Structures are given as structure tokens and as C-alpha cells.
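Report on the structure given below.
The values are calculated or read from the model by the stated rules, or taken from the named source; none is laboratory data. Quick caveat: nothing in here was measured; it's all calculated off a predicted structure. Here Cβ is always computed from backbone atoms with ideal geometry, including for glycine, and neighbour counts include all displayed protein chains.
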Amino acid sequence: MLTAIIIVAVVVIIGGWAVATYNGLVRLRNLVQEAWRQIDVELQRRHDLIPNLVEAVKAYAKHERETFDAVTQARAAASQPGLAPAQQAAQENILTQALGRLFAVAEAYPQLQANQNFLQLQQELTNTEDRVAAGRRFYNANVRSLNTKVETFPTLLVAGLFGFTKAEYFETEDLDARKAPKVEF
């Protein structure tokens with residue numbers, strides 16, 4: 001009788017641990033998905049601002065067709081729904097490079113630099129970039145927590161049993177962003 005009580009107690013403890021572990025993994029997976037949706041919202045806002053920015057620059061620099069086409073194509077590629085974080089990051093890096101070329105064109109036109117509409121669009125884009133960066137940090141922190149749980153013992157037993165897998169980080173591949181700034185006096 002005592003042995004049966006001990007066995008039942010051990011089964012209840014292990015079952016309770018397994019349920020708590022499963023629920024923790026579900027919570028982390030949902031946090032990762034929510035964080036990704038927030039990044040997606042900010043990226044969509046970024047993508048919505050870009051055509052207005054291109055149109056503002058087009059009014060001043062009509063002969064820069066190649067730059068406008070590059071931005072438009074990069075925006076279309078980055079706006080594709082359902083991309084994995086690594087694919088989305090790669091497309092966003094291409095779009096960022098195209099936007100850099102667009103801003104370089106804009107610098108050649110002082111009257112454009114003074115245009116209130118252009119300045120407002122540029123400020124909105126900068127604010128959106130900041131929100132994307134904050135969202136990326138939040139997302140990657142949740143990915144780290146989920147991946148740590150999925151890979152550590154004994155949680156990995158429950159994760160494997162119920163099909164929980166590691167999530168992808170959303171990382172920049174912009175080599176310039178990884179370089180230390182050069183300071184000259």
C-alpha cells in the first residue's frame with residue numbers, strides 16, 4: 001500500500017512538472033509569435049512610408065530612375081507575407097541599402113532637403129526604424145528564452161515530446177552596422 005502511494009505521488013509530481021513545463025513552453029512560443037507580429041506591423045508601416053518618400057524625391061530628381069526602381073523592387077520583395085525571420089532580415093537589409101542610395105540622391109538637392117513633406121517623411125521613417133530596432137530586441141530576447149528552454153535538460157524532454165523547436169533570430173546582416181564607428185579629429 002505504501003509503495004502504491006509513493007508511485008502515485010511520483011507520477012503526480014512528474015505529471016505536474018510536465019504540465020507546468022509544457023505550459024511554459026507554450027507561453028514562450030506565443031511571446032515569440034507576438035513579438036514577430038509587432039515587428040511585422042512596424043515593417044509594414046515602414047513599407048507604407050517608402051512610396052511617399054520616393055514620390056517626394058522624384059519631384060526633384062526625375063533623372064534618378066534607377067534608384068527609384070531599386071527602392072520599389074526592394075520594397076516589394078520585403079513586403080512579401082509569410083517570410084521567415086532570416087528571409088525577412090535579408091530583404092530588409094536590401095531595402096535599407098536602397099533607401100541609403102535614395103537619401104544620397106536627396107542630399108544633392110538642397111530644395112528637397114528644405115521641403116517640409118520630405119522632412120516629415122524622413123522623420124517618420126527614422127521613428128519607425130527605431131521601433132523596428134526595439135521590436136527586434138524584444139523578439140530576439142523572447143527567442144533566446146524559448147531556445148534556452150527547448151535546449152536545456154530536462155525541459156528538452158517535454159519540448160521534444162510535443163514538437164517544440166528553436167525559433168530563428170531576426171538579425172541584421174548589414175556589415176556597416178557591425179563595424180565600429182571611425183572617429184576623426
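Some notes on this structure:
- Filter result for VAL54 (touching a residue at least 24 places away in the same chain (Cβ under 8 Å) and not charged (D, E, K, R)): yes
- As a summary of the residue check, GLN33 satisfies the conditions (1) closer than 19 Å to PHE162 by Cβ; (2) in contact with a helix residue (DSSP H, G or I) (Cβ under 6 Å, 6 or more places away or on another chain); (3) of a type in the set (S, T, N, Q) except for the one numbered (2).
- Test result for ASN52, under 21 Å from ARG137 (Cβ atoms) and either surrounded by fewer than 19 Cβ atoms within 10 Å (Cβ to Cβ) or modelled with pLDDT of 90 or more (or both): no
- Residue list for the range 156-179, filter: β-branched (Val, Ile, Thr) and at pLDDT below 95: THR172
- Residue check, GLY82 under 26 Å from ALA141 (Cα atoms), of a type outside the set (Lys, Arg) and modelled with pLDDT under 90: yes
- Filtered residues of the range 70-126 (kept if of a type in the set (A, V, I, L, M), more than 29 Å from ALA167 (Cβ to Cβ) and surrounded by 16 or more Cβ atoms within 10 Å (Cβ to Cβ)): ALA70, VAL71, LEU102, VAL105, ALA106, LEU112, LEU121
- Residue in the range 128-144 that is acidic (Asp, Glu) and buried (at least 19 other Cβ atoms within 10 Å of the Cβ) present: no
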